[in-house]
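To start, the structure itself, in C-alpha cells.
The values are calculated or read from the model by the stated rules, or taken from the named source; none is laboratory data. Since we're looking at a predicted model, the values are computed, not measured. No Cβ is skipped: glycine too gets one built from the backbone with ideal geometry, and neighbour counts run over all protein chains shown.
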C-alpha cells in the first residue's frame, strides 16, 4: 500500500484537470465509454464508466464549489487531483475539501466503485452515495431518499464501513469490519424489489424498500468538525462503473 505521505507527494505534483459547475446540479448525461469487462457476476457490461485516466468531463460530472456539509468548511474544485489513473479527494485541517456528482442517472441498476482510504482525521467522512437527480453538493433532494453505500464515521484508521439507506419510511443501516486502507469495491443495486449493498461482490445490506426516482452517484469527503479527531484526510477512487438492471 502506498503511504499517505507518498500519495500526497505523487498526486499534488501532478496537474489536476477539473471541471467546475453549479453546486448540486445533476442532469442526464450521455454514457461515458466503457472498456469490455469480464462479466463474472452476470451484471452485463457497464453502461457508464469513469476510469479517471485523464480529465473530468463537465458533461459527465458536476464538481462541487460550495459550502461544505451542513455549511461547515468549503467544497472546492481545487481539492480534487488526478494521478496514476485514480481520483484523489483531499481534505485540509480547516475543512476545505471536495465532492462531485456523476450527471448520469437511472432509477434501477447497479453502481460500483473501487476505493482506497488512508488513515486520517476522524472528523472527515469518506462517502460514496446515491442522490435523487437534483441532489448532491449540499442540496437536499425532494422525497428524502439517500443511499450511502459507503460511509466512514469517526474512524481515523478506516476500519468500519457503514451502509445507510434513508427513505420516507425511515433509516436502515448495516455495519462491517474491514481494512479500508487496501483496495475494495463497494456496490449498490436498486430494483423494484428494493436495495442491495455489496462489498467485494458479497452482499452486506438488503432492504425491500424501492427507490422512487432516478438516482445519481456522488463521491464526497465530508467534514464534521468536533465529531472526531482533527487533521487532514485522503480518499482515492480507482473507478466508478454503472450497470443497467438486467
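Remarks
- Among the residues making up the range 202-226, those that are in a loop (DSSP other than H, G, I, E, B) and either out of contact with any strand residue (DSSP E or B) (no Cβ under 9 Å at 6 or more places or on another chain) or at positive phi (or both) are 225, 226.
- Subset of the range 171-184 [exposed (fewer than 15 other Cβ atoms within 10 Å of the Cβ) and either under 20 Å from residue 46 (Cβ atoms) or touching a residue at least 40 places away in the same chain (Cβ under 8 Å) (or both)]: 182, 183
- Residues of the range 201-229 that turn out to be surrounded by 14 or more Cβ atoms within 10 Å (Cβ to Cβ), touching a helix residue (DSSP H, G or I) at 6+ places or on another chain (Cβ under 8 Å) and more than 22 Å from residue 80 (Cβ to Cβ), as a count: 1
- Filtered residues of the range 185-200 (kept if touching a strand residue (DSSP E or B) at 6+ places or on another chain (Cβ under 6 Å), surrounded by fewer than 19 Cβ atoms within 10 Å (Cβ to Cβ) and assigned to a strand (DSSP E or B)): 185, 194, 196
- The number of residues in the range 73-88 being surrounded by fewer than 23 Cβ atoms within 10 Å (Cβ to Cβ) and under 23 Å from residue 48 (Cα atoms) comes to 6.
- Neighbours by Cβ (under 9 Å, 6+ apart or cross-chain): first from the range 41-62, surrounded by 14 or more Cβ atoms within 10 Å (Cβ to Cβ); second modelled with pLDDT under 90 and in a strand (DSSP E or B): 62/136
- Taken over the range 148-171, the criterion of being part of a loop (DSSP other than H, G, I, E, B) and at pLDDT below 95 is satisfied by 168, 169.
- Filtered residues of the range 31-54 (kept if at pLDDT 90 or above and more than 16 Å from residue 98 (Cα to Cα)): 43, 44, 45, 46, 47, 48, 49, 50, 51, 53
- Any hit, the range 118-131, residues being at pLDDT below 95 and either in contact with a strand residue (DSSP E or B) (Cβ under 8 Å, 6 or more places away or on another chain) or crowded, with 24+ Cβ neighbours inside 10 Å (or both): yes
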